[in-house]
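Let me begin by presenting the structure, written as structure tokens, before commenting on it.
Every number in this text was worked out from the coordinates using simple rules, so none of it is lab data. From a predicted model like this one, the values you see are computed outputs, not experimental measurements. Positions of Cβ are backbone-derived with ideal geometry, glycine not excepted, and every protein chain shown enters the neighbour counts.
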Amino acid sequence: MKNQPLLKSLDEIKFMHPKESECRLMEIIKEPEKLDSYRIDLFEQWRYIFNFYKKLFEEDRREFQFGTPLGYVFLGVLAEGLVKIILFFDNPNEYLGIELKNRTLGNLKNRLIKLLKGRKKESNESKIKELNDSLELINSLRNNFIHFPFYYSDDYRFRWVFFQVFAYLLDKFSLWKYLDNSEVEFIKEMALENPVGVSLLEGDLYEQ
């Protein structure tokens, strides 16, 4: 059959590749040194996407002044990636025990909130509620822009919410050390630049 090689390749990608990757990860997390190295690699991937967004923002602020799907796609990937990294760092076995189809921001959000509630570093219920509401907004924005519905509404305050969440989570889970100084400064600057007329949160999620 003419298309058989292609179909076979697609089947391998669809079924075998994820399973092989999961098996490799299960082996990695058994060895502390490999796990530590993999944690660094994960954050390197996050930083690569972050710096791509940062470059776009700094080179052409006009594009982001009006809002574009591209910017929200990157921010959405960064938000979901950070949540996944935090859950993986906390308990790799538990994270890998989650079915692949359930590793979405919408599903993982509740696990993150539960994890945060169990940490002594954050006992402020209003902050946890603000984080939950912010992640719901982020998930909605990400889905809206990434599915390219031909219409969307932008508000410069949305970007502030993303960076509030980034800074808050990086701080609460002591992850600043994985970033360089320029990246830390950019995230904090964007998070602390409280826009006029903010009504998306009752107060600042991240405060320095």
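Results, tabulated for the structure shown:
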quantity	calculated
Which listed pairs, of 55/172; 129/172; 30/172, have C-alpha distances above 20 Å, in listed order	55/172; 30/172
Ranked 39, 142, 24, criterion: other C-beta atoms within 10 Å, fewest first	24, 39, 142
Per-residue ³J(HN,Hα) for the range 104-113, Karplus 6.51 cos²θ - 1.76 cosθ + 1.60, θ = phi - 60°, Hz, x for Gly and Pro	10, 4, x, 7, 7, 3, 5, 5, 5, 4
Integer Hz, Karplus 6.51/-1.76/1.60 couplings in order for the range 26-41, x for Gly and Pro	4, 6, 4, 6, 7, 10, x, 5, 5, 5, 4, 5, 5, 4, 4, 4
